Each structure stands twice: as C-alpha cells, then as structure tokens.
C-alpha cells in the first residue's frame, strides 16, 4: 500500500472500503476502534455489563449485515452508534428494564477503592443516573454521544438525525436540566473534590 | 428532523461568535484551539458554558462506566469476527467444483447406488421364482407333463402300430364291396378273410391315412 492512513478517521474509512470490497477481516479494525466508546454509551442506557456486551455485539453484527445501507464511508461511527442506541432502547422496552429498577442496581465501583470512596462513588453514580432520567430521549442521546461516545457535533447530528444547530440546542438544554437536578441550590454543577 | 424554524430561533439567540465558540467546544474536548480561547477570554456566557460542560464531564468521570475485563472484549471481538468471516483460512485453499462436475458426481453416485439396488432386486426375484417353481407343482405344468406323457405313449404306441401296420400292409387287400379285409395273396383269396365292424374299420382307416402308400 503506497499511502497509509494518517488518522483514526482515515483508518476507519479505509476499513469500511475494504469490507465493502470483500475483505471481511478488515471489519476487525472497526470493532476494535469503537467497541469501548460504544460500550460506554450503552452502559449509561442499560446499566448492566452483560446486556451492554450483548447489545454491543449485536450492533456490530447488524452494522456489518447492513453495511450496504451506509451511503458515506466516513459516517460509519455515527451510523454505528445510532444502530446501537436503537437496539438498547428496543431492549429496554422489551424487557421493561433500565429505569426505576435499575437505579437501585447501579454497578458497584471497582474493588480496589476504599470503602468510603465506594459509598461516595455509588452515591454520585446514582445521582447522575437519576439526573439522566430527567432528560428527554433526544437530550439524553445527544449528551451521551458527546460525553461517552466522543462524537463531535456533526457526528451527533448524523447519528441522532438532527441538524448541528439542533444538537447544540439540545446540549444546552441537557446541561441546564442536569445542573438543576444535580445541584439545585447553587444553580451550577459542582465537582466532588 | 426538528423544526428548522425553531432551530433558527434558538440559533439566533446566540451571537455568531458565541455560536461558533460553543460549536468548537462541542467538537473539541480539549478546548484548546486558539480561536476558542480568545473568545472565552472576552465572553462570560461562553465561559460559563465551557465550565458547565467541563463540570458535567467531571460528573461522568466520577460515575465511571463499569467496563468488563479485556478478555470479555476479546471474546466479543472473536464472536463478531466469527459471524462476519466464518472461515477466514478456507477461502484461498478451497476450490469450488463447477456445476457440471458436481452434477456428474451426484449422478454417478446416485446411478451406482441404483444399479446395485436393481441388481440385488433382480437376483432376489430370480431366486424366489426358482424356489417357488421347484417347491410347488404347477397344475398347468402338471397338465402339460401329463400331456407330454400321453404324447410319448402315443408316439410309442404309434411306432408299435406302425410296425404292425407295415407288417399287415404286406398282407392287406382292400375290398370295397363288402368292407372286408382279405389277408393273404391276391391269388389265394379264400385262404383267410376277417370281417370288421364300422368302428374297427374307421380306426384302421385312421391308422392308414398318414402312412398309407395308396
């Protein structure tokens, strides 16, 4: 190959083209690039490790099976995240999980931390998940794609089927609502230090 | 899609520089672009937005996602690739037979099996017929056999009769006037004379019909 990809985006674009051309092994590049951020976004929805792994895997398989539906090779990332979030929402609806019952089953933090830190971390997690539940579905999707998935405004717009301006508006509104829920006294979000 | 009119309303509430700045903030987690930093130094609204965004990111970091061990991701990747590319090593080695080759192979196998089955069936049928014929006498065959015996008997009898006829013919003289047979030489008519009834005469005629020299 005379010209190697320079950026992760170039690598992804090259991998998508290779898969389209019949090199199925190139799909591994896509899996290894996006499995962690995708899992992070899905975890905020599903709050369950096994469910997240299952949906992550199904999202990649579905993306492969429907790769011909992807019109722009450079838009694989938002397209994949859209597939994954739709699968997660479908799973939540079908299993009636992911809301109230899961607020009490928020995952325990790592065992290496101190006991006090464990308690504080669990409280912060519970507060964050409760705050996320106050958002509209679109606000939640936009803020999670931004903060967990690492998508930029253009990618979020493509994934959520919005304009970039609408993405900024939803991010603003989401921040306001989260701030109001997490710290109603001061009117701003405070760090736990 | 959202309503474009509402988007314009929301967008128009921000000065162009602020809109640009906040777009960059959303796109750049590091928030270190020169353009962004210059604007944040002079715009309190955008600085507040940047702070809130940073604080929210901190909130998410304080409630981390519970990631499984790397082995779980490796297993998941392997499972995905198994679905995507089931036999990665088999592709360059495996040589697919053509349609005609596969059809001929199938026909050959099918024909050889069918021929073997038919041969076995024919053999069994022949053995069955033979054993059936030898174990149970057929009435028709029996009749045929009886007829054959009669024929043989008749033939033997005929041979005996032929001898007798030939011997008798040497002595016979046919007399039509009184339906009598005169045995002996013509010149010695009175030597012997047998009287025959009608049935005997008919039987004698039948015997003479085939071989009678007159």
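The rows are residues; the columns are (1) more than 9 Å from chain B (Cβ to nearest Cβ); (2) without any contact (Cβ under 8 Å) to a residue 60 or more places away in the chain; (3) in contact with a helix residue (DSSP H, G or I) (Cβ under 6 Å, 6 or more places away or on another chain).
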| residue | (1), (2), (3) |
| --- | --- |
| A:118 | yes, yes, no |
| A:125 | no, yes, no |
| A:131 | no, yes, yes |
| A:145 | yes, no, yes |
| A:150 | no, no, yes |
| A:159 | yes, no, yes |
| A:165 | no, yes, yes |
| A:169 | no, yes, yes |
| A:182 | no, yes, yes |
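Residue-by-condition table, conditions (1) surrounded by 15 or more Cβ atoms within 10 Å (Cβ to Cβ); (2) free of Cβ contacts under 8 Å to residues at least 24 places away in the same chain; (3) more than 7 Å from every other protein chain (Cβ to nearest Cβ):
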| residue | (1), (2), (3) |
| --- | --- |
| B:35 | no, yes, yes |
| B:43 | yes, no, yes |
| B:50 | yes, no, yes |
| B:56 | yes, yes, no |
| B:61 | no, yes, yes |
| B:65 | yes, yes, no |
| B:70 | no, yes, yes |
| B:74 | no, yes, yes |
| B:81 | yes, yes, no |
Can you tell me which of (1) modelled with pLDDT under 70; (2) surrounded by fewer than 15 Cβ atoms within 10 Å (Cβ to Cβ); (3) assigned to a helix (DSSP H, G or I) is the one residue B:10 doesn't meet?
(2)
Check every one of the helices (runs of 4 or more DSSP H) wholly within the stretch A:86-193 and list those with 3 or more residues that are at pLDDT 80 or above, closer than 14 Å to residue B:60 by Cβ and outside the structural domain of residue A:71 (by TED's automatic domain parsing).
A:115-133, A:137-147, A:164-182
Residue B:29 is checked against (1) more than 60 Å from the chain's Cα centre (by Cα); (2) modelled with pLDDT of 85 or more and fails just one. What number does that condition carry?
(2)
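Do we have residue B:122 as on the phi < 0 side of the Ramachandran plot, modelled with pLDDT of 85 or more and more than 14 Å from chain A (Cβ to nearest Cβ) here?
Working: on the phi < 0 side of the Ramachandran plot: yes; modelled with pLDDT of 85 or more: yes; more than 14 Å from chain A (Cβ to nearest Cβ): yes.
So residue B:122 passes the test.
The values are calculated or read from the model by the stated rules, or taken from the named source; none is laboratory data. The structure presented is a predicted model; accordingly, all values stated were derived computationally and were not measured. Ideal geometry is used to build each Cβ from the backbone, glycine not excepted, and the neighbour counts take in all protein chains shown.
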